[in-house]
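To start, the structure itself, in structure tokens.
The values are calculated or read from the model by the stated rules, or taken from the named source; none is laboratory data. None of these values were measured; they are calculated from a predicted model. Methodologically, a virtual Cβ is constructed for each residue, glycine included, from the backbone with ideal geometry; neighbour enumeration extends over all protein chains shown.
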2 protein chains.
Amino acid sequence: MTIEIGFLVFPRVQQLDLTGPYEVLAMVPDTRVHLVAKEMGPIASATGLVLTPSVTFAECPVLDVICLPGGSGVNPLMEDAETLDFLRRQAESARYLTSVCTGALVLGAAGLLQGKRATTHWAAHDLLAAFGAIPTQGRVVRDGNLITGGGVTAGIDFGLTLAAELADEATARAIQLHQEYAPAPPFDAGRPESAGPEILAAARERLSATRREREAIVARLARSGA
Amino acid sequence: MTIEIGFLVFPRVQQLDLTGPYEVLAMVPDTRVHLVAKEMGPIASATGLVLTPSVTFAECPVLDVICLPGGSGVNPLMEDAETLDFLRRQAESARYLTSVCTGALVLGAAGLLQGKRATTHWAAHDLLAAFGAIPTQGRVVRDGNLITGGGVTAGIDFGLTLAAELADEATARAIQLHQEYAPAPPFDAGRPESAGPEILAAARERLSATRREREAIVARLARSGA
């Protein structure tokens, strides 16, 4: 039985959120990895790289794994009925419901984080509570069949964690070796607590427009009782 | 002045080799990142993700940074005159000549590694010597304006290293924070020495067809005096 894995893709997705775990999961035996979008045709990611969906919502097979990547393009998705309906429908039968980075906010907007421990990008972590989730620190956080990853590059750690679930640990280790995943960051600035106050303040400033928009959306969703 | 950065893309490229550093470098101020290919039109990567070139060899601007990603698709490139000519021409004026993973073999085939310290994917590392390079262990290896990265995921460490060169260390740290690059691999199997003999043997077996083909190409290039 082929394991069907679907990453949602949408305008201004953060492409590394999905290209990291895509590369890992596509190497798990007997998987088929889809890029699922509302419609076919090229999609520009947040930093410009163009992605090509492989299947539409309408044609998408029943997924064993649903994964929501993040990015600034998450904001409109949180109020997009067609996307939220697709997620809720697929979530009913999926073995794993997953996200990387701010993709978790879309799962939240679909009502799929209620009462669950979850994580997301550090700059959006506090917003999880608005969806009834239990915001939990961690690079990869698991609660039952919900697996959420932190910001962007956490997708690779998430992918390897899921690969071990879908196959076994030996398979995940073999993929890690193939991808020479023995990371050696040249700097230590990957978390708010290590980046230092100046870089953190500048990052918050750069993200402030997206953040304000996100807060307004969360407030609207709360008012509408979603 | 815009910094022009070009990643070569070709059939069966290992997409994470380039999507990792793409995401990093696209966030450096005043950069423009190109996916450069022989011709326009969709390109299937080694694991299936479809990439879309943004510019052809013929239309490509003079590049400040050339980056060769790797993948099994590297093999035909090593004997592809059009690709090697493009690289040699661009290398004359580029500020940085770079590669991730087995992309280094294409730089070698173009004669651009002669007498230089370089690295590549662990399974191809010994082949560098055939190109007159000095095979050097390291996640990111620098020799003058040549910067080479190790296998696949080393592209992110390479990208941050280069970001600090193109801008400054504060910029690179800010990008690292944005991408929450504080890796926490769930397993320790990213290098031959940590993966254990069984997983290493299986990985070598899986790569053996590509490896044999690669050895034959290297032998042909040596005979032709390239």
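The lone criterion from (1) touching a Lys or Arg at 6+ places or on another chain (Cβ under 9 Å); (2) within 22 Å of A:Thr19 (Cβ to Cβ) left unmet by A:Arg139 is number (1).
Answer yes or no as to whether A:Leu107 is buried (at least 17 other Cβ atoms within 10 Å of the Cβ), away from every other protein chain (no Cβ under 14 Å), part of a loop (DSSP other than H, G, I, E, B) and in contact with a strand residue (DSSP E or B) (Cβ under 8 Å, 6 or more places away or on another chain).
Numbers: buried (at least 17 other Cβ atoms within 10 Å of the Cβ): yes; away from every other protein chain (no Cβ under 14 Å): yes; part of a loop (DSSP other than H, G, I, E, B): no; in contact with a strand residue (DSSP E or B) (Cβ under 8 Å, 6 or more places away or on another chain): yes.
No, not satisfied.
State which residue is farthest from A:Ser224 (Cα to Cα) when the search covers only region A:122-144 and only residues that are buried (at least 22 other Cβ atoms within 10 Å of the Cβ) and out of contact with any Pro (no Cβ under 9 Å at 6 or more places or on another chain). The extreme case among them is A:Val141.
Restricting to region B:84-104, and then to whatever is touching a Pro at 6+ places or on another chain (Cβ under 7 Å) and not in a helix (DSSP H, G or I), can you tell me which residue is farthest from B:Ala129 (Cα to Cα)?
Step one: filter region B:84-104 for residues touching a Pro at 6+ places or on another chain (Cβ under 7 Å), giving B:100-101, B:103.
Adding the requirement that they be not in a helix (DSSP H, G or I) leaves B:100-101.
Values: B:Val100: 17, B:Cys101: 15 Å.
Among residues in region B:84-104 that are touching a Pro at 6+ places or on another chain (Cβ under 7 Å) and not in a helix (DSSP H, G or I), the one farthest from B:Ala129 (Cα to Cα) is B:Val100.
The number of residues in region A:132-156 that are part of a strand (DSSP E or B) and either under 9 Å from the mean Cα position of the chain (by Cα) or modelled with pLDDT under 95 (or both) comes to 2.
For region B:71-86, give me the residue count where each residue is more than 27 Å from A:His178 (Cα to Cα) and either in contact (Cβ under 8 Å) with a residue 24 or more places away in the chain or under 16 Å from the mean Cα position of the chain (by Cα) (or both). Step through it out loud before you land on a result.
Start the filter on region B:71-86 by keeping residues that are more than 27 Å from A:His178 (Cα to Cα), which leaves B:81-82, B:85-86.
Next cut, either in contact (Cβ under 8 Å) with a residue 24 or more places away in the chain or under 16 Å from the mean Cα position of the chain (by Cα) (or both) only: B:82, B:86.
Of the residues in region B:71-86, 2 are more than 27 Å from A:His178 (Cα to Cα) and either in contact (Cβ under 8 Å) with a residue 24 or more places away in the chain or under 16 Å from the mean Cα position of the chain (by Cα) (or both).
The condition of being more than 10 Å from every other protein chain (Cβ to nearest Cβ), more than 15 Å from the chain's Cα centre (by Cα) and modelled with pLDDT of 95 or more holds for only one of B:Ala129, B:Ala124, B:Ala163, that being B:Ala129.
From the list B:Thr98, B:Thr153, pick out the single residue that is within 13 Å of chain A (Cβ to nearest Cβ) and touching a helix residue (DSSP H, G or I) at 6+ places or on another chain (Cβ under 8 Å). Explain how you work it out, then say what you get.
Numbers: B:Thr98 fails: within 13 Å of chain A (Cβ to nearest Cβ).
Going through B:Thr98, B:Thr153 in turn, the sole match is B:Thr153.
Here is a check on your reading of the model: is B:Ala189 in contact with a helix residue (DSSP H, G or I) (Cβ under 9 Å, 6 or more places away or on another chain) and within 8 Å of chain A (Cβ to nearest Cβ)? Can you show your working first?
Details: in contact with a helix residue (DSSP H, G or I) (Cβ under 9 Å, 6 or more places away or on another chain): yes; within 8 Å of chain A (Cβ to nearest Cβ): yes.
Taking the combined requirement at face value, the residue satisfies it.
Counting only residues that are at pLDDT 95 or above and either of a type in the set (Lys, Arg) or closer than 24 Å to A:Glu193 by Cα (or both), region B:188-210 holds 1 of them. Residues of region A:22-42 that are free of Cβ contacts under 8 Å to residues at least 60 places away in the same chain and more than 10 Å from chain B (Cβ to nearest Cβ): A:Asp30, A:Val36, A:Ala37, A:Lys38, A:Glu39, A:Met40, A:Gly41.
Tell me the residue from A:Thr2, A:Thr19 that is at the interface with another protein chain (Cβ under 9 Å from one of its Cβ atoms) and either surrounded by fewer than 24 Cβ atoms within 10 Å (Cβ to Cβ) or on the phi < 0 side of the Ramachandran plot (or both), please. I'd like the intermediate steps shown before the answer.
Numbers: A:Thr2 fails: at the interface with another protein chain (Cβ under 9 Å from one of its Cβ atoms).
Step by step, each of A:Thr2, A:Thr19 is checked, and only A:Thr19 is at the interface with another protein chain (Cβ under 9 Å from one of its Cβ atoms) and either surrounded by fewer than 24 Cβ atoms within 10 Å (Cβ to Cβ) or on the phi < 0 side of the Ramachandran plot (or both).
Of the residues making up region A:166-186, those that are more than 7 Å from every other protein chain (Cβ to nearest Cβ) and over 22 Å from A:Gly150 (Cβ atoms) are A:Ala167, A:Asp168, A:Thr171. For region B:192-206, the set of residues classified as facing chain A (nearest Cβ under 8 Å) and touching a residue at least 12 places away in the same chain (Cβ under 8 Å) consists of B:Pro192, B:Ala203, listed by residue number. In the condition set (1) small (Gly, Ala, Ser); (2) surrounded by 23 or more Cβ atoms within 10 Å (Cβ to Cβ); (3) without any contact (Cβ under 8 Å) to a residue 60 or more places away in the chain, B:Ala163 is compliant with all but (3).
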